[in-house]
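Asks: Have a look at the structure that comes next, please.
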Amino acid sequence: MLFSTYTHAQPRLKFNDPKKSFGFVKKGVIVKVEYPFINTGNEPLEIYDAKAECSCTTVDFPKYPVKPNETDTITVYFDTKSVYDRQDRLIEIITNAKTPKQKIRFKGVVLQ
């Protein structure tokens with residue numbers, strides 16, 4: 001019997017660190033959190049959407065395909081004007097990668 005090793009062409013999203021901490025900030029500050037990533041696959045990676053848990057969080061991501069072995073950054077902005085105390089947020093990243101949905105997370109404390 002003949003076996004072949006067939007590799008599917010597909011992008012792969014790999015974060016350097018999918019979990020971040022912004023430490024302590026005063027209420028009203030807009031926190032900026034960056035998530036560097038690399039496409040470790042063999043096809044261009046496309047990010048279709050980024051879903052945040054609340055309207056206080058916005059996400060900026062590349063709107064163009066990220067080529068294989070190239071790096072880029074997803075940037076999250078967290079507006080603290082309506083929150084306080086401990087914060088722990090998840091963002092779902094939706095792509096054309098082998099694992100199409102991945103989560104990134106940030107934590108911190110908002111002081112009054």
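Asks: Kirkwood hydrodynamic radius, region 26-111, all distinct C-alpha pairs: what's the number in Å?
Replies: Every distinct Cα pair counted, the radius reaches 13.7 Å.
Asks: What does the charge count near Lys63 come to, summing +1 for each Lys or Arg and -1 for each Asp or Glu among other residues with Cβ under 14 Å from its Cβ?
Replies: -4
Asks: Now a separate question. If I take every Cα pair under 8 Å that is 6 or more residues apart in region 9-112, average their sequence separation and divide by the length, what percent do I get for the relative contact order?
Replies: 36 percent
Asks: Additional query: Taking every DSSP beta bridge with both residues inside the chain, roughly what % is antiparallel (nearest 5)?
Replies: Here the share of antiparallel DSSP bridges comes out near 85 percent.
Asks: Test of understanding: ordering Val109, Val76 by Cβ neighbours within 10 Å, fewest first, what list do you get?
Replies: Ranking Val109, Val76 by Cβ neighbours within 10 Å, fewest first, gives Val109, Val76.
Asks: While we're on this one: How large is ³J(HN,Hα) for each residue in region 96-112, as worked out from phi by the Karplus curve 6.51 cos²θ - 1.76 cosθ + 1.60 (θ = phi - 60°), to whole Hz, x for Gly and Pro?
Replies: 9, 6, 3, 9, x, 10, 10, 10, 10, 9, 9, 9, x, 10, 9, 9, 6
Asks: Under a 5 Å amide H to amide H cut-off, with H placed in plane at 1.01 Å, what residues pair with Gln10 once short-range neighbours are removed?
Replies: Asn42, Glu43
Asks: Excluding Tyr84 itself, calculate the net charge of residues whose Cβ lies under 12 Å from the Cβ of Tyr84, where each Lys or Arg counts +1 and each Asp or Glu counts -1.
Replies: +3
Asks: Using DSSP loop states and a limit of at most 13 other Cβ atoms within 10 Å to flag chymotrypsin sites (Phe, Trp or Tyr not before Pro), what is the longest stretch of the chain containing no flagged site?
Replies: 7-83
Asks: Could you please report the charge total around Leu45, scoring K, R as +1 and D, E as -1 over all other residues with beta-carbon less than 15 angstrom from its beta-carbon?
Replies: Residues near Leu45 contribute +1 overall.
Asks: Loop-only check: which trypsin sites (Lys or Arg not before Pro) in region 77-112 are DSSP coil with at most 16 other Cβ within 10 angstrom?
Replies: Lys81, Lys98
Asks: Counting other C-beta atoms within 10 Å, and keeping those with at most 13, which DSSP coil GluC sites (Glu not before Pro) do you find in region 34-64?
Replies: Here the sparse-neighbourhood loop sites are Glu53.
Asks: Each residue of region 78-93 in order: what ³J(HN,Hα) in whole Hz does its phi give by Karplus 6.51 cos²θ - 1.76 cosθ + 1.60, θ = phi - 60°, with x for Gly and Pro?
Replies: Result, ordered by residue: 10, 8, 8, 5, 10, 10, 7, 6, 5, 10, 8, 10, 10, 10, 9, 9 Hz.
Asks: I've got another one for you. For Lys20, list long-range residues whose amide hydrogen, built 1.01 Å from N in the peptide plane, is under 5 Å from its own amide hydrogen.
Replies: Arg105, Phe106, Lys107
Laboratory data are not the source of any read-out in this text; all were calculated from the coordinates shown. It should be emphasised that the depicted structure is a prediction, and the values quoted were computed from it without experimental measurement. Glycine also receives a Cβ, built like all others from the backbone with ideal geometry; neighbour counts cover every protein chain displayed.
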